[in-house]
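The values are calculated or read from the model by the stated rules, or taken from the named source; none is laboratory data. The shown structure was predicted, so the numbers you read here are calculated from the model rather than taken from an experiment. Here the Cβ positions follow ideal geometry from the backbone for every residue, glycine too, while neighbour counts run over all protein chains shown.
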Amino acid sequence: MIWYPYAQMKTLDPPIKLSHAKGVHLYTEDGLDLIDSVSSWWSVIHGYNHPEMNAAISGQLEKFAHVMLGGITHEPVQRLSAKLEEWLPADLNYCFFSDSGSVAVEVALKMALQFNTNRGSKRDTVLALEHAYHGDTFKAMEVGDDEDYHFAFGSSNEKKKGVIHIPTELPALEKAFADYGERLTCFIVEPLLQGAGGMRMYDVSFLKRARQLCDEYDVLLIFDEVATGFGRTGNRFVADLVTPDILVLGKALTGGYIGHAVTVANTRVWEGFYSDDPTHALMHGPTFMGNALACCAALKSIELFEKGDYMAKIHRIEEITRREMEGFSDPRVKEVRIMGGCVCIEVYNGADIEGFRRFARERGVFSRTFLKYMYAMVPYVIEEWELVKILSVMKEWFAR
């Protein structure tokens, strides 16, 4: 029996069974045609069944699907590492691959901790954001701050040992560094857009000041761009605006085709491990890191992003979204938030959007609301009429 994610199996509605998918459309076995408004958890940026993505993977499959990266290397992983080194800002040049965003976050935190250990520092505290979500593995949950996902591991009212959570407000940021700066190993953030914590959006000035304080107090700055990377915020990467020491990418890295992620370090972090001392090595090694099929998918995904001028597509998605949502209001709605390829309607009471998933499905849209949030994070290849339909269905729910 399949154990499905984020669901009480006893009361779970039967999952939608798909027969095939193409572009932004999901086709069910019982004949429904659904526009995917959430890009399969924000990853399928080129849509489904893309011929060039398919060809990239099938071409590699004829050679080999996977080999361990321990003691072996291969052309796809070398080319992807070189492409990321060329493509990413500043000196974010050193790529450690893994198999999921959550694991890549674990790697980033482990890097930060060992970086300090390697240089003889006894720092023991991580700074993170309130409402943070960095994944469901244990260290990622520890730096997260969302009781709805992690309540089984202690109340959010209980202070987590070695982790400080602050709101995205400059006074709180300043105070945290004044109080704990000498003890901090790193500051980890979802930059500009906090996804699973409620599609919360904040200003880049917070990140610019964080960069200054991290430099002042000798603290590593980690950007978790698993969800925000590849244009979702309207920026190619938020790291293009403010440069972190460690950058974490996943989801859209492979265009949503295969699970893969990368933790990218700058020169300073790399040099903290580069040593004649074997104990200074990063002792980590996911089995499927550098998977050849995933690397080929990522290379083709980046190529499509570049040659298809995806940033223009994303800016057009934001423009259409703002146009369609202009003037929309309802007493049940607390706020409408729009940034790049994301739109979120937050209600005061989560009960007011119960039933929306079925309502949307009956109107040809696949949606996945959660808690108090109705949102869309569409594939970037979406046509205007498809996007308008999604937004119209969202507004229609409140007009009933």
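The set of residues in the range 66-111 being in contact with a Lys or Arg (Cβ under 8 Å, 6 or more places away or on another chain) and among the hydrophobic types (A, V, I, L, M, F, W, C) consists of Val105, Leu109. Note on the range 114-150: residues that are in contact (Cβ under 8 Å) with a residue 40 or more places away in the chain, in contact with a helix residue (DSSP H, G or I) (Cβ under 9 Å, 6 or more places away or on another chain) and in a helix (DSSP H, G or I) total 5. From the list Ala292, Ala376, the one residue that fits, being closer than 30 Å to Glu106 by Cβ, touching a residue at least 12 places away in the same chain (Cβ under 8 Å) and in the same structural domain as Val262 (by TED's automatic domain parsing), is Ala292.
Listed by first and then second residue, the pairs linking a residue in the range 173-185 that is within 21 Å of Val204 (Cα to Cα) and at pLDDT 95 or above to a residue that is of a type in the set (Phe, Trp, Tyr) and outside any helix (DSSP H, G or I), with Cβ atoms under 9 Å apart and 6 or more places separating them unless they lie on different chains, are Leu173/Phe187; Ala176/Phe187; Phe177/Phe187. Going by what's in this entry, would Ser98 be described as surrounded by 16 or more Cβ atoms within 10 Å (Cβ to Cβ), assigned by TED's automatic domain parsing to the domain that holds Phe206, of a type in the set (S, T, N, Q) and at pLDDT below 95? No, not satisfied. The residue of the range 371-400 that is farthest from Leu26 (Cα to Cα), among those that are surrounded by fewer than 24 Cβ atoms within 10 Å (Cβ to Cβ) and small (Gly, Ala, Ser), is Ala399. Among the conditions (1) farther than 30 Å from Gly350 by Cβ; (2) in contact with a helix residue (DSSP H, G or I) (Cβ under 7 Å, 6 or more places away or on another chain); (3) surrounded by fewer than 24 Cβ atoms within 10 Å (Cβ to Cβ), the only one that Ile166 does not satisfy is (1). Scanning the range 247-290 for residues that are within 21 Å of the chain's Cα centre (by Cα) and among the β-branched types (Val, Ile, Thr) turns up Val248, Thr254, Ile258, Val262, Thr263, Val264.
Taking first residues from the range 81-96 that are on the phi > 0 side of the Ramachandran plot and partners that are part of a loop (DSSP other than H, G, I, E, B) and crowded, with 17+ Cβ neighbours inside 10 Å, the Cβ contacts under 9 Å between residues at least 6 apart in sequence or on separate chains come to Ala90/Thr243; Ala90/Asn266. Does Val204 satisfy being aliphatic (A, V, I, L, M) and closer than 23 Å to Val38 by Cα? Here the answer is no, as Val204 does not meet what is asked. Please indicate, with yes or no, whether at least one residue in the range 352-370 is part of a loop (DSSP other than H, G, I, E, B), surrounded by fewer than 17 Cβ atoms within 10 Å (Cβ to Cβ) and free of Cβ contacts under 8 Å to residues at least 12 places away in the same chain. Taking every residue of the range 352-370 in turn, at least one turns out to be part of a loop (DSSP other than H, G, I, E, B), surrounded by fewer than 17 Cβ atoms within 10 Å (Cβ to Cβ) and free of Cβ contacts under 8 Å to residues at least 12 places away in the same chain. Residues in the range 295-335 that are small (Gly, Ala, Ser) and assigned to a loop (DSSP other than H, G, I, E, B): Gly308, Gly327, Ser329.
Against the test of being among the aliphatic types (A, V, I, L, M) and under 18 Å from His134 (Cβ atoms), the options Val77, Val67, Val103 yield a single qualifying residue, Val103. Within the range 350-400, being under 25 Å from the mean Cα position of the chain (by Cα) and of a type in the set (Ser, Thr, Tyr) holds for Ser367, Thr369, Tyr373, Tyr375, Tyr380.
Considering only residues in the range 197-209 that are at pLDDT 95 or above and out of contact with any strand residue (DSSP E or B) (no Cβ under 6 Å at 6 or more places or on another chain), the one that is nearest to Asp146 (Cα to Cα) turns out to be Tyr202.
Conditions tested, residue by residue: (1) in contact with a Gly (Cβ under 9 Å, 6 or more places away or on another chain); (2) closer than 30 Å to Phe177 by Cα.
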{"position": "Ala82", "(1), (2)": "no, no"}
{"position": "Tyr94", "(1), (2)": "no, yes"}
{"position": "Gly101", "(1), (2)": "yes, yes"}
{"position": "Val105", "(1), (2)": "yes, yes"}
{"position": "Met111", "(1), (2)": "yes, yes"}
{"position": "Asn116", "(1), (2)": "yes, yes"}
{"position": "Gly120", "(1), (2)": "no, yes"}
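Residues checked against (1) in contact with a Pro (Cβ under 7 Å, 6 or more places away or on another chain); (2) not polar (S, T, N, Q):
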site: Tyr4; (1), (2): yes, yes
site: Asp13; (1), (2): no, yes
site: Ser19; (1), (2): no, no
site: His25; (1), (2): no, yes
site: Thr28; (1), (2): no, no
site: Ser37; (1), (2): no, no
site: Gly47; (1), (2): yes, yes
site: Met53; (1), (2): no, yes
site: Glu62; (1), (2): no, yes
